[in-house]
1. In a shell of Cβ-Cβ distance under 14 Å around GLU141, excluding GLU141 itself, what net charge do Lys and Arg (+1) and Asp and Glu (-1) give?
2. Which entries of LYS85/LYS175; LYS86/LYS160; LYS53/LYS86 show an alpha-carbon separation above 21 angstrom in the structure shown?
3. Rounded to the nearest 0.05, what FRET efficiency do GLU88 and SER119 give with R0 = 35 Å and r taken as the Cβ-Cβ distance? Could you check?
Amino acid sequence: MSNIYVSDPLENAIDFLEQAGSYYRNYGYNHRFKWVCISLHGALYGFAVTYVKSGNPLDTIFKNTEKETSKWRLLSIMEILKLCKKEELIQSVNRKVLVLTEKQIIAIERLNEYRNSFSHFGASGYSVIGTIDEIVEPVLEVIRYLILESNRIICSSNQKVKIERTLSSFENEVKNNI
């Protein structure tokens, strides 16, 4: 085993997507909802970052918070998704901007709220009524668009096969569960 760990936003997003699918299928796990939300959020964020970044990640995923200093803050998922909608980021033929449906917007907002509470130790308890599929299905649609349909993200053939396999398996699982 190597002592070197190498990753990038795309590889990280793929890993998060695989983990979200794995947790989703683990129906007996007490913390399934939490880990699906955290992992799915990571996947969406990673694919959105990969969609908008162009060589220098400081141009797109960080914001200078104090002009006189070099303090930078990472943009939130909602800010990154706004960038995915900007026409000026699309510079080549056949690439398209992100357009979200109302259902997708609601699902992403709920996913973001849950993930932030789980990840930042919100001082509350949770009892969720309904199904996680109300969040998962629309978010998977957005991920599918970002990575496979937008023609904006370049990945190796191995990565593309891995993404398509993981995403299709996850989508089928959700469809069979609804």
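Quick note: the coordinates plus some simple rules give every number you see, no bench work behind them. Fair warning: this is a prediction, and the values are worked out from it, not measured in the lab. Here Cβ is always computed from backbone atoms with ideal geometry, including for glycine, and neighbour counts include all displayed protein chains.
1. On the way: positive: LYS103, ARG144, LYS175; negative: GLU102, ASP133, GLU134, GLU137, GLU149, GLU171.
Its environment carries a net charge of -3.
2. On the way: LYS85/LYS175 28 Å; LYS86/LYS160 25 Å; LYS53/LYS86 12 Å.
Cα-Cα > 21 Å for LYS85/LYS175; LYS86/LYS160; rest within.
3. Details: r = 31 Å, r/R0 = 0.90.
The formula returns an efficiency of 0.65 here.
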